Amino acid sequence: MDRIRYFADLSVRRAAGLGLTGIALVVAALHFDRPLAMHALAALLTFEALALFQLGRRAHRVPCERREVWALMEGQHGMSENRVQRIISEIMRETYLSYARRLVGPAVAAWVLDFGMRLSG
């Protein structure tokens with residue numbers, strides 16, 4: 001079970017990190033216009049948090065054989081197919097929702113800063 005959690009965390013962390021890298025590149029490209037960069041940061045962080053939340057909600061619909069966790073485990077789990085599907089889906093749901101919650105704070109902070117920048121002109 002810990003092995004599945006480790007691989008699920010690794011998989012979601014890798015995907016979320018790639019998304020955050022893309023967000024950082026967009027914000028860096030918009031450095032010439034700080035209000036626009038802040039607005040883009042807030043919107044993109046919100047979008048990534050919503051995407052992770054949606055992936056968590058739909059985690060039970062994806063067959064475990066189509067997940068990166070399955071490839072990392074190399075199919076070695078020692079459980080029945082129904083049980084491994086249920087366990088991997090539940091762990092993936094928890095992991096996606098955990099990362100979505102972690103992004104909510106920075107997204108809200110970016111929106112507050114964006115709002116403050118717009119008020120101050």
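The values are calculated or read from the model by the stated rules, or taken from the named source; none is laboratory data. Source: prediction; values computed, not measured. No Cβ is skipped: glycine too gets one built from the backbone with ideal geometry, and neighbour counts run over all protein chains shown.
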Report whether or not Leu45 is in contact with a Pro (Cβ under 7 Å, 6 or more places away or on another chain) and hydrophobic (A, V, I, L, M, F, W, C).
yes
Please name all residue pairs, on different chains or six or more residues apart, with Cβ atoms under 7 Å, provided the first residue is in region 20-41 and is over 18 Å from Leu52 (Cβ atoms) and the second residue is loosely packed, with under 12 Cβ neighbours inside 10 Å.
Pro35/Arg118; Ala37/His31
Might you check whether a residue that is more than 18 Å from Met1 (Cβ to Cβ) and either in contact (Cβ under 8 Å) with a residue 24 or more places away in the chain or among the charged types (D, E, K, R) (or both) occurs anywhere in region 71-78?
no
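This table checks each residue for (1) touching a Lys or Arg at 6+ places or on another chain (Cβ under 9 Å); (2) under 30 Å from Gly121 (Cα atoms); (3) not polar (S, T, N, Q).
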residue	(1), (2), (3)
Leu10	no, no, yes
Arg14	no, no, yes
Leu45	no, yes, yes
Glu74	no, no, yes
Thr95	yes, no, no
Tyr99	yes, no, yes
Residues in region 20-45 that are surrounded by fewer than 18 Cβ atoms within 10 Å (Cβ to Cβ) and under 11 Å from the mean Cα position of the chain (by Cα) total 1
Positions within region 62-92 being at pLDDT 80 or above, farther than 19 Å from Leu52 by Cβ and polar (S, T, N, Q), in sequence order:
Gln85
